[in-house]
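The values are calculated or read from the model by the stated rules, or taken from the named source; none is laboratory data. In this text the structure is predicted, and so the values were computed from the model without any measurement. A quick note on method: Cβ atoms are made from the backbone with ideal geometry, for glycine too, and the neighbour counts reach across all protein chains shown. For accessibility, only protein heavy atoms count, side chains too; no ligands or nucleic acids. Shrake-Rupley method; radii C 1.70, N 1.55, O 1.52, S 1.80 Å.
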Amino acid sequence: MSLTYLDLPPRIGSTESANDLLRKLTSGNGPLMFHQSGGCCDGSSPMCYPVGEFRVGGADVLLGELVIDQIEEPIQVWISLEQFEYWKHTHITIDAVPGRGGGFSLETPEGLRFIIYSRIFTDVEWSILKDKEVLLGNGALKLV
Amino acid sequence: MSVYAQPGQPGSIAEFKARYDHWIGGEYVAPAKGQYFENVTPVTGRVFCEVARGTAEDIEKALNAAHAAAGAWGKTSVAERAHILNKIADRVEANLEMISVAETWENGKPVRETMAADIPLAIDHLRYFAGAIRAQEGSIGEIDHDTVAYHFHEPLGVVGQIIPWNFPILMAVWKLAPALAAGNCVVLKPAEQTPVSILFVMDLIADLLPPGVINIVNGFGVEAGKPLASSRRVAKIAFTGETTTGRLIMQYASENIIPVTLELGGKSPNVFFRDIADQKDAFYDKCLEGFNMFALNQGEVCTSPSRALIDAPIYDEFLADAIVRAKAITQGNPLDTDTMLGAQASNDQLEKILSYIEVGKQEGAKLLIGGKRVDLGGDLSGGFYVEPTIFEGTNGMRIFQEEIFGPVLAVTKFDGFEAAMEIANDTLYGLGSGVWSRYMNTAYRAGREIQAGRVWTNCYHAYPAHAAFGGYKSSGIGRENHKMMLDHYQQTKNLLVSYSEDKLGFF
């Protein structure tokens, strides 16, 4: 787990059906990452790629890492910094549901689609998270 | 009222084949790996045909066909290309009703929209670019008395186009018409949610085009879209979709040093100034319609006016009147000509919309109407229907900031012009927007102040071919529509010619 987020309430989580799909995709594609999308059509979908396929940088925030049984590498979940500004008060759960998907996300051939569910952080969670730095894709830390 | 028979049922005017291969080099070609995927109609949620599941091998085959055709096609006269585009338009027009029913079946949108908007606009778009290319001229610059700079437009060659599912035919034509008019050959990848509508049209127009000028490869994004977007053999890539894929496509394009056009959506403000309620006349009625444009195409429009900003003095009254109008929206069978709100295009979309409605409630937005999935009964029970939904809240909420792409409107109040502009521009995106006022000075200033590529002023959701369409900020790069679009599909060739016999004297 990224040291920056150690001992903090997690910003992300995943359901068992998402974990099953991620195990399957990892065995076919190697280590994976997510980038949370915005905008039209399939916007708001978490897009799943092999690590290194999608370049993250100073305009991206690491939301957190999914640590999943039988998957060696934690799966990093990224979001653009500008989108994070509007999402930072919400916890994200990644799920997998039957669907067609879109974009170049890896799961589409499986007949399943990653989707997110959001909940507003509790007061206790938010009181801890609100003045903590986040890790950007260029390695810098930023207070948001 | 009339209800079209479902494709596959007796009496239907639109019949699909059981299976669709790729369209490559002027004929149907089976996918290299022999795999197909099921195509579901959102009207009932049932499979109605299967479609080739393309891979990199199929993209290569399509690129071979496109490159083989590009030399001759790029050298046809503009009159010839314009003539072909006009003939395509005529053929589509002659089959408008059948194509409309087919697209409705695949996408879920009401047939009154395909018949009155999607297909007529596609026809007009073809005719517009047929005209624009004939009127286009290069230029001559006289550098000095004996030196002349000639500027010619040349086609790029072979271009890749990735099409969204919300307007499967119109969005394809938006990209195809200028590309073909400019003399390019195309490899087109439809959305996997709506892979067949454009093939349905292709079947009707195949005899009008030389083989290889349009090639259509279906499949999943990661298997077929990615090899196209990352190919070293396309001179340009055009994409409509979401931001993460848009960035990935730019990343691939940077590896190949090719241009991109990206249309990535919006969260369009629709601003209603206080003077609209000065009279309860036809214009006020038009404003009420403008407010309810969020329901057009089930909200699955990149420019959907999904944020309504209402001036404080008229807030309660206008909102109450607008909600009366929203409650009159008829939801039902998309094949019924009276239906105003049809099915969402996919189960993914349905799930996403419902999850946003949940987020809205959690954030404390007030649900004014709707908010639930709809069961229309009978065989429509399996379809993907959502009630028209209106929330009241504040602009910082996620339902005000993210493109839900459903019939979900977020309404908020502003007090005065400055506040309106601040809220309107407090968004990551800048594609569409609407301004409503009886005072043209107010409307003009608002239109210039809003950071968006399109500001509908006292109208909304009009898409004439002659008006440039595209985004500011994270909504993308480049424009579609308008003759300026030809530039996006052309190289500039400069011949710098000396008519002097005299040497410079340097060597």
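Here are some notes:
Listed here are the residues, each with its yes/no results for (1) within 14 Å of chain A (Cβ to nearest Cβ); (2) in contact with a Leu (Cβ under 9 Å, 6 or more places away or on another chain).
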residue	(1), (2)
B:275	no, no
B:285	no, no
B:291	no, yes
B:302	yes, yes
B:321	no, yes
B:325	no, yes
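- Pair list, Cβ under 6 Å, 6 or more apart: region B:243-270 residue within 11 Å of chain A (Cβ to nearest Cβ), other residue assigned to a helix (DSSP H, G or I) and surrounded by 24 or more Cβ atoms within 10 Å (Cβ to Cβ): B:249/B:229; B:252/B:229; B:262/B:246; B:264/B:243; B:264/B:246
- Counting the residues of region B:175-200 that are on the phi < 0 side of the Ramachandran plot, open to solvent by less than 10 Å² (accessible area, probe 1.4 Å), more than 10 Å from chain A (Cβ to nearest Cβ) and not polar (S, T, N, Q) gives 15.
- Residue list for region B:9-43, filter: touching a residue at least 60 places away in the same chain (Cβ under 8 Å), open to solvent by 10 Å² or more (accessible area, probe 1.4 Å) and within 20 Å of residue B:336 (Cα to Cα): B:12, B:13, B:16, B:40
- Test: residue A:113 is among the basic types (Lys, Arg) and farther than 16 Å from residue A:24 by Cβ: no
- Every pair of residues 6+ apart whose Cβ atoms lie under 6 Å, when the first sits in region B:376-399 and is more than 14 Å from chain A (Cβ to nearest Cβ) while the second is assigned to a helix (DSSP H, G or I): B:386/B:353; B:388/B:295; B:388/B:326; B:391/B:360; B:391/B:399
- Spans of helices (runs of 4 or more DSSP H) in region B:395-507 with at least 1 residues over 27 Å from the mean Cα position of the chain (by Cα): B:417-425, B:440-449
- Among (1) within 11 Å of another protein chain (Cβ to nearest Cβ); (2) within 23 Å of residue B:220 (Cα to Cα); (3) out of contact with any Cys (no Cβ under 9 Å at 6 or more places or on another chain); (4) not hydroxyl-bearing (Ser, Thr, Tyr) - the single one residue A:83 does not satisfy: (2)
- Taken together, A:53, A:133 contain a single residue that is farther than 24 Å from residue B:351 by Cα, among the acidic types (Asp, Glu) and within 13 Å of another protein chain (Cβ to nearest Cβ), which is A:53.
- Among the numbered conditions (1) within 14 Å of chain A (Cβ to nearest Cβ); (2) modelled with pLDDT of 95 or more; (3) in contact with a Lys or Arg (Cβ under 7 Å, 6 or more places away or on another chain), the only one that residue B:360 does not meet is (3).
Results for (1) in contact with a Cys (Cβ under 7 Å, 6 or more places away or on another chain); (2) hydrophobic (A, V, I, L, M, F, W, C), shown as yes or no for each residue.
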| position | (1), (2) |
| --- | --- |
| B:164 | yes, no |
| B:201 | no, yes |
| B:207 | no, no |
| B:212 | yes, no |
| B:220 | no, yes |
| B:230 | no, no |
| B:256 | no, no |
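- Scanning region B:285-322 for residues that are of a type in the set (Gly, Ala, Ser), closer than 21 Å to residue B:450 by Cβ and in contact (Cβ under 8 Å) with a residue 60 or more places away in the chain gives B:290, B:299, B:304, B:306, B:308, B:312.
- The set of residues in region B:202-221 being surrounded by 24 or more Cβ atoms within 10 Å (Cβ to Cβ) and either at pLDDT below 95 or of a type in the set (Val, Ile, Thr) (or both) consists of B:213, B:214, B:216, B:217.
- Residue within region A:28-48 that is charged (D, E, K, R), within 13 Å of chain B (Cβ to nearest Cβ), closer than 22 Å to residue B:362 by Cβ and buried (at least 18 other Cβ atoms within 10 Å of the Cβ) present: no
- Given (1) assigned to a loop (DSSP other than H, G, I, E, B); (2) over 23 Å from the mean Cα position of the chain (by Cα), index of the condition residue B:357 fails: (1)
- Here is the figure for region A:88-116: residues that are buried (at least 21 other Cβ atoms within 10 Å of the Cβ) and either within 13 Å of residue A:35 (Cα to Cα) or within 7 Å of chain B (Cβ to nearest Cβ) (or both) total 15.
- Any hit, region B:432-441, residues being surrounded by fewer than 19 Cβ atoms within 10 Å (Cβ to Cβ), polar (S, T, N, Q), without any contact (Cβ under 8 Å) to a residue 24 or more places away in the chain and within 28 Å of residue B:174 (Cα to Cα): no
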